[in-house]
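To start, the structure itself, in structure tokens.
The values are calculated or read from the model by the stated rules, or taken from the named source; none is laboratory data. These figures come from a predicted structure and were not determined experimentally. Cβ atoms come from the backbone with ideal geometry, glycine included; neighbour counts cover every protein chain shown. To get the accessible areas, we keep the full protein, side chains included, count just its heavy atoms, and leave off ligands, DNA and RNA. Shrake-Rupley method; radii C 1.70, N 1.55, O 1.52, S 1.80 Å.
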Amino acid sequence: MSKLINSSVIDKVGFGPSSDIDNAIEREQQYRKNLTKILFSTAIFLFSLIVLYTVPLYPIPIVFLISILSAVIGFRSIVSGFSLSFLLFIPAFLYQTSIPFWWLLLSLFIIGIFVTKALNNPSNILTIIVGITAASLFLTSYYFISIPLMLVYALIQKSDELSKNVGLLFSFLFIFIPFNALGFANKLSINLTTRPEKIYSLISDSTLPIFSKIIYETNPRLRSFSEFAPSESLSGFFSLQNNIFNSYLFVLIDNLVLLFIPILLIISFSFINVLDKIWPWMDERGVELSILPNFSYVITLIFGTLFFIIPLQTMQIPFDYSTGFNSSDSFKSIISAGTLGLAISLSSINLSRRTEGAELTELVKEQCNTYLQNIDNSHSELEEIQDICPGIDINTEITSLGEFKEELSITLDGLYTLTYSGLKEKSEKIQILHDSQEDSIDSLQLKVLNYHNDQLDKCKDMLVKLEKLGIGNLPTINSDHLTYDNELAFSDVLNNQHELNDYLLEVSQNTIRVAESLVTVVQKEFDNTLEFTSISISENFISQGKGGQALDTLLVTIASLHKRYHQLMQKTITNLKRLIQRSLKMHEYNIIPLNESLGQNPTDVETIDVAKQIQVHHDELSTFTGILYLPDVMAILEFLENGTHTVIGELMRLLREFEKRNDTRVPLDFQWGKDTQLISEIESSLRRLDDKSQSDLSDRLSNIEYGIKIIENEATTLKKYLIMNEFILNYVNMEPLISSLISIEGQVIPRQLPVKNKYAVQYLQLFAYGKSKVTFDSSKNTLLKK
């Protein structure tokens, strides 16, 4: 079969399908066309060979030459090939039978009708070929094949049954009746010279021999065309009377044999067609027939042959005829019918399998191409799954898909070399692999859906952990748990997972910045041996688009740092809040009044900005819960350190300024209340605030607290300095008054001066300081003149 399908014979020759036809069904159709031509050509060849051999005229080599030539012409034009063969048969037919012209004319008219019909439907030629061939077989010892042969043709032709059956009958009778007349005449030893009355009497009184081997006085076959004398050989061509033929035909009509035999043949033809329809009828109704329908032709033809032979044998006495279908020849005919039926069944099975094979080939090819395209899409989908769902193990699916693709490729490569059973096996195997692939796809989709739901749960858990660790205001997850159902498209699952991956990537990118800041602070403030390994690993994951793994790694690191430093951070927050509250209180009760004393606008003083900022930080500290706020806590700590340092430095500048002012306005050794120890304490506090790297957290907090205490002292001292500055500046007004009072009264007491008593005492001391003519009695707080 495969060799026929894959035939590379050029189409112009006509024996096989063109190699340019890639479609197996089209190749099979082309094969059928070529096979039909071959069958018709073979039928014409056998027809020519049988009729020209059994009806002698031409030399044997010429018979073969005519047969071959008719077959070759018939391959291209069935009508032309048959016409050549039939026209060359007419002289042989007339040469042997000398039938009257009217019989020949009637026969040619009927045959001409079917030849004309053959122009549109070449199968009509077979009607003539089978009928004439079947009649010619009665001239041989194989006459028992004749009836099965006609039954075979009546069985295999399916359209226009009545007209073809009638044509088959007349084609058969066209040869059958003249030669039976000759055979009967030979049996009765009569010839054309016998008187017509005698011929008719002999034929009428004898039993007619029909359906048996015809033996007649044969005119000799020509050895060469030079021996052929047309005028003598075809002398009866234009005659209307042939005593032997006419007498025999009249007896057939008179005995009703010519009515019974055609009716029996027509009924037999119809019977086998009815019988042939019983098999599909039974199959449609669910009758278990096993392989019987495949070999129904065998049974149908056997029963059809019996249907003809039994009435034929039974009706011999009523119609006064004899037949050669005795038990032996009847058995041979039945065997022939069975053999022809078997040959037709096997041919039908073979052709049916060829057609099914061609259809199956195209089906398998279409399936392979479709599945290969689906596999390419599946490969892209698997790559997408690997990219979107890196945690899913799809090696089994990839391997299965590769095996399926390999099987499909192998099948396509050897598709046209497979037999029918091989095609069925491949089709079933491909279907099994495809079903397995479909199950694998369903399983994979379920894996991806479960992976998405697991990743979503894991993401939510990580978000809760991040919130506990200090990361808030995270973006909303635009995804929910998915449920596996027929309405859910797999692309939607992948899109949801893709969005979740993008979300995790965004969160991990935000988290890594916070985590990096945290690790930096911890490394700087608490553990300088801490490495950025986990940060590097997370950055690598992020660069690969694996946000979930990066976030998981960061959480491990952050959780570890949380465990180590969270309690310390909370303690630090508590201390910072306490220090900030003290700083704010100190600012309110010390710095602001001091600024007012200095006559400065509060909005223009740097300490005001510091106070506002630490108030903000105080509010923020109340919201810091997780370890991820540690950098913010340490930043606030540093800001508080710097703020304290700034305030201390500013107040120290003012102290130095007012010390200088007061020192320049009083005598060198006059003790106006200058605090000589405070400056050294301030410088020590500044150094401690500057030296952060060498101090642990508790020391830094202590330094801030000490700095606040220094600021308080500075503010108190500076207030005293301001008072002394005013005191010293007002001395220029008090000095003339004191000088006048001491000159007039010789002494001055504090209540004589227009100031408070304590300031009056200091004015008197300052007046007495460095003067030799006056002295100050500290026991009585009185200025005395010497």
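Filtering segment 72-107 to residues that are among the aliphatic types (A, V, I, L, M) and closer than 25 Å to Pro220 by Cβ leaves Leu84, Leu87, Leu88, Ile90, Ala92, Leu94, Ile99, Leu104. It is to be established whether one or more residues within segment 483-506 are open to solvent by 40 Å² or more (accessible area, probe 1.4 Å), outside any loop (DSSP other than H, G, I, E, B), farther than 30 Å from Arg700 by Cβ and in contact (Cβ under 8 Å) with a residue 60 or more places away in the chain. Within segment 483-506, one or more residues are open to solvent by 40 Å² or more (accessible area, probe 1.4 Å), outside any loop (DSSP other than H, G, I, E, B), farther than 30 Å from Arg700 by Cβ and in contact (Cβ under 8 Å) with a residue 60 or more places away in the chain.
Here Asn180 meets the list (1) open to solvent by less than 10 Å² (accessible area, probe 1.4 Å); (2) not in a helix (DSSP H, G or I) almost entirely, failing just condition (2).
For the residues Leu259, Leu264, the requirement of being of a type outside the set (D, E, K, R), outside any loop (DSSP other than H, G, I, E, B) and touching a residue at least 12 places away in the same chain (Cβ under 8 Å) singles out Leu264. Applying the selection to segment 727-768, what residues are touching a residue at least 40 places away in the same chain (Cβ under 8 Å) and of a type in the set (A, V, I, L, M)? Ile728, Leu729, Ile738, Ile742, Leu766 - these are the residues of segment 727-768 that are touching a residue at least 40 places away in the same chain (Cβ under 8 Å) and of a type in the set (A, V, I, L, M). Please specify each residue of segment 77-130 satisfying the condition of being surrounded by 23 or more Cβ atoms within 10 Å (Cβ to Cβ) and of a type in the set (Val, Ile, Thr). Of everything in segment 77-130, those that are surrounded by 23 or more Cβ atoms within 10 Å (Cβ to Cβ) and of a type in the set (Val, Ile, Thr) turn out to be Ile78, Thr97, Ile99, Ile125, Thr127, Ile128, Ile129, Val130. When Leu423 is tested against (1) surrounded by 18 or more Cβ atoms within 10 Å (Cβ to Cβ); (2) touching a residue at least 60 places away in the same chain (Cβ under 8 Å); (3) within 22 Å of Glu499 (Cα to Cα), only condition (3) is not met.
Of all residues in segment 183-219, those being touching a strand residue (DSSP E or B) at 6+ places or on another chain (Cβ under 8 Å), surrounded by fewer than 17 Cβ atoms within 10 Å (Cβ to Cβ) and either within 28 Å of Ile266 (Cα to Cα) or at pLDDT below 85 (or both) number 1.
For the structure I just gave you, tell me whether Ala92 is in a helix (DSSP H, G or I), modelled with pLDDT under 90 and either touching a helix residue (DSSP H, G or I) at 6+ places or on another chain (Cβ under 7 Å) or on the phi > 0 side of the Ramachandran plot (or both).
Numbers: in a helix (DSSP H, G or I): yes; modelled with pLDDT under 90: yes; either touching a helix residue (DSSP H, G or I) at 6+ places or on another chain (Cβ under 7 Å) or on the phi > 0 side of the Ramachandran plot (or both): yes.
Taking the combined requirement at face value, the residue satisfies it.
Inclusion of Lys563 among residues that are charged (D, E, K, R), surrounded by fewer than 16 Cβ atoms within 10 Å (Cβ to Cβ) and at pLDDT below 80 is not warranted.
Okay, residues lined up against (1) open to solvent by 20 Å² or more (accessible area, probe 1.4 Å); (2) in contact with a Pro (Cβ under 7 Å, 6 or more places away or on another chain); (3) outside any helix (DSSP H, G or I); (4) among the acidic types (Asp, Glu):
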| position | (1), (2), (3), (4) |
| --- | --- |
| Arg513 | yes, no, no, no |
| Ser517 | yes, yes, no, no |
| Lys524 | yes, no, no, no |
| Glu531 | yes, no, yes, yes |
| Ser536 | yes, no, no, no |
| Glu539 | yes, no, no, yes |
| Ile558 | no, no, no, no |
| Ile573 | no, no, no, no |
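Please count how many residues of segment 37-57 are closer than 21 Å to Phe174 by Cα and either of a type in the set (Asp, Glu) or in contact (Cβ under 8 Å) with a residue 60 or more places away in the chain (or both).
10
The set of residues from segment 616-660 being more than 23 Å from Thr574 (Cα to Cα) and of a type in the set (Gly, Ala, Ser) comprises just one member, Gly649.
The single residue among Ile99, Ile110 that is out of contact with any Cys (no Cβ under 7 Å at 6 or more places or on another chain) and assigned to a helix (DSSP H, G or I) turns out to be Ile110. Among the criteria (1) at pLDDT below 85; (2) within 19 Å of Ala337 (Cα to Cα); (3) of a type in the set (S, T, N, Q), the one Thr305 does not fulfil is (1). Summed over segment 59-74, residues that are surrounded by fewer than 19 Cβ atoms within 10 Å (Cβ to Cβ) and either touching a residue at least 40 places away in the same chain (Cβ under 8 Å) or among the aliphatic types (A, V, I, L, M) (or both) total 7. Only residues that are assigned to a loop (DSSP other than H, G, I, E, B), basic (Lys, Arg) and modelled with pLDDT of 80 or more were counted in segment 746-779, giving 1.
Quick grid of which residues meet (1) of a type in the set (A, V, I, L, M, F, W, C); (2) assigned to a helix (DSSP H, G or I); (3) open to solvent by 50 Å² or more (accessible area, probe 1.4 Å):
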| residue | (1), (2), (3) |
| --- | --- |
| Gly286 | no, no, yes |
| Thr300 | no, yes, no |
| Ser328 | no, yes, yes |
| Glu366 | no, yes, yes |
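Might you let me know whether segment 467-490 holds any residue that is farther than 20 Å from Gln386 by Cβ and at pLDDT 80 or above? Among the residues of segment 467-490, not one is farther than 20 Å from Gln386 by Cβ and at pLDDT 80 or above, which makes the answer no. Of the candidates Ser421, Ser440, Ser427, the single residue that is part of a helix (DSSP H, G or I), farther than 30 Å from Leu351 by Cβ and among the hydroxyl-bearing types (Ser, Thr, Tyr) is Ser440.
In segment 335-353, is there at least one residue being closer than 30 Å to Ser204 by Cα, surrounded by 14 or more Cβ atoms within 10 Å (Cβ to Cβ) and out of contact with any strand residue (DSSP E or B) (no Cβ under 6 Å at 6 or more places or on another chain)? No, the conditions are met nowhere in segment 335-353.
Thr646 satisfies every condition listed in (1) under 30 Å from Tyr763 (Cα atoms); (2) surrounded by 13 or more Cβ atoms within 10 Å (Cβ to Cβ) except (1).
In segment 698-738, which residues are among the hydrophobic types (A, V, I, L, M, F, W, C), crowded, with 18+ Cβ neighbours inside 10 Å and either at pLDDT below 75 or closer than 27 Å to Glu657 by Cβ (or both)? Step through it out loud before you land on a result.
Quick first cut of segment 698-738, residues among the hydrophobic types (A, V, I, L, M, F, W, C) only: 701, 704, 708, 710-711, 715, 718, 722-724, 727-729, 732, 734, 737-738.
After this cut, where a residue has to be crowded, with 18+ Cβ neighbours inside 10 Å as well, the list is 701, 704, 708, 710-711, 715, 718, 724, 727-728, 734, 738.
Passing the criteria: Ile704, Ile708, Ile710, Ile711, Ala715, Leu718, Met724, Phe727, Ile728, Met734.
Search segment 131-150 for residues being touching a residue at least 60 places away in the same chain (Cβ under 8 Å), in contact with a Phe, Trp or Tyr (Cβ under 6 Å, 6 or more places away or on another chain) and not polar (S, T, N, Q), and hand back the single one that is most open to solvent (accessible area, probe 1.4 Å). Top of the filtered list is Leu137.
Within segment 368-380, the set of residues being surrounded by 14 or more Cβ atoms within 10 Å (Cβ to Cβ) and either in contact (Cβ under 8 Å) with a residue 12 or more places away in the chain or not in a helix (DSSP H, G or I) (or both) comprises Cys368, Tyr371, Leu372, Ile375, Ser378, His379. Residue check: Glu406 meets all listed conditions (1) open to solvent by less than 70 Å² (accessible area, probe 1.4 Å); (2) in a helix (DSSP H, G or I) but one, namely (1).
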